[in-house]
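Take a look at the structure set out below.
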Amino acid sequence: MLSRSCLAASFAALAVVLFVAGTPARAMVCMDKSMTLDEVVETISTQKSCESAMKVFQDCQLTASGDVDLGAAVEKKCEADFMPGLNTAQKQAYTREIRVCDGKYRNKSGTMYLSFAAFCRAQVAQRYSQRALKAAGPKAR
């Protein structure tokens with residue numbers, strides 16, 4: 001027969017397993033509704049423009065590591081405006097600016113610095129998008 005301490009440990013382990021298995025994906029309030037991180041990424045991805053994608057990112061930021069995924073969605077949305085038109089030198093300049101963002105907070109501890117780097121990267125992509133759309137004129141919008 002099991003001892004009391006062994007039985008108690010078994011119940012405690014079972015409780016932890018059930019708690020973890022029953023925990024839903026973490027939700028946040030974004031745009032006045034409860035959304036998971038994946039739903040916010042999808043919302044950013046389906047925006048019509050880089051500017052509106054950045055607005056969703058700003059409105060839904062976590063100031064934590066979750067912002068890495070949100071920022072990556074903004075980068076992807078904004079890069080669609082300019083990446084196909086960049087020559088090799090311009091692509092290298094863009095990559096350098098992104099690396100500066102990554103290096104800026106590399107030796108900092110805390111998840112908020114991951115958020116800061118994600119915002120920096122998204123802002124670089126946003127700037128490149130704005131320049132490309134301005135150069136293309138009103139027909140590009």
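The values are calculated or read from the model by the stated rules, or taken from the named source; none is laboratory data. Owing to the predicted nature of the structure, the values given are computational and were not obtained by experimental measurement. A quick note on method: Cβ atoms are made from the backbone with ideal geometry, for glycine too, and the neighbour counts reach across all protein chains shown. Accessible surface is based on the protein model in full, side chains and every heavy atom, while ligands, DNA and RNA are left aside. Shrake-Rupley method; radii C 1.70, N 1.55, O 1.52, S 1.80 Å.
In region 1-106, which helices (runs of 4 or more DSSP H) lie fully inside it and hold 1 or more residues that are at pLDDT 85 or above and under 15 Å from Ser129 (Cβ atoms)?
Answer list for region 1-106: 37-45, 50-60, 67-82, 88-104.
Within the bounds of region 62-74, is there any residue that is hydroxyl-bearing (Ser, Thr, Tyr) and more than 23 Å from Met31 (Cα to Cα)? Reasoning before the result, please.
First, the residues of region 62-74 that are hydroxyl-bearing (Ser, Thr, Tyr): 63, 65.
Narrowing further to those that are more than 23 Å from Met31 (Cα to Cα): none.
Scanning region 62-74, I find no residue that is hydroxyl-bearing (Ser, Thr, Tyr) and more than 23 Å from Met31 (Cα to Cα), so the answer is no.
Looking for something within 29 Å of Asp32 (Cβ to Cβ) and out of contact with any Phe, Trp or Tyr (no Cβ under 9 Å at 6 or more places or on another chain) - is there at least one such residue anywhere in region 79-88? It would help to see each step written out before you state the result.
Of all residues in region 79-88, those within 29 Å of Asp32 (Cβ to Cβ) come to 79-81.
Now drop any that are not out of contact with any Phe, Trp or Tyr (no Cβ under 9 Å at 6 or more places or on another chain), which leaves 80.
There is at least one residue in region 79-88 that is within 29 Å of Asp32 (Cβ to Cβ) and out of contact with any Phe, Trp or Tyr (no Cβ under 9 Å at 6 or more places or on another chain).
Just to verify a result, which residue in region 81-107, among those that are within 21 Å of Ala53 (Cβ to Cβ) and of a type in the set (A, V, I, L, M, F, W, C), is most open to solvent (accessible area, probe 1.4 Å)?
The extreme case among them is Met83.
Considering only region 50-89, how many residues are of a type in the set (S, T, N, Q) and touching a residue at least 40 places away in the same chain (Cβ under 8 Å)?
Narrowing region 50-89 to residues of a type in the set (S, T, N, Q): 52, 58, 61, 63, 65, 87-88.
Still in the list and also touching a residue at least 40 places away in the same chain (Cβ under 8 Å): 61, 63, 65.
Adding up the residues that qualify gives 3.
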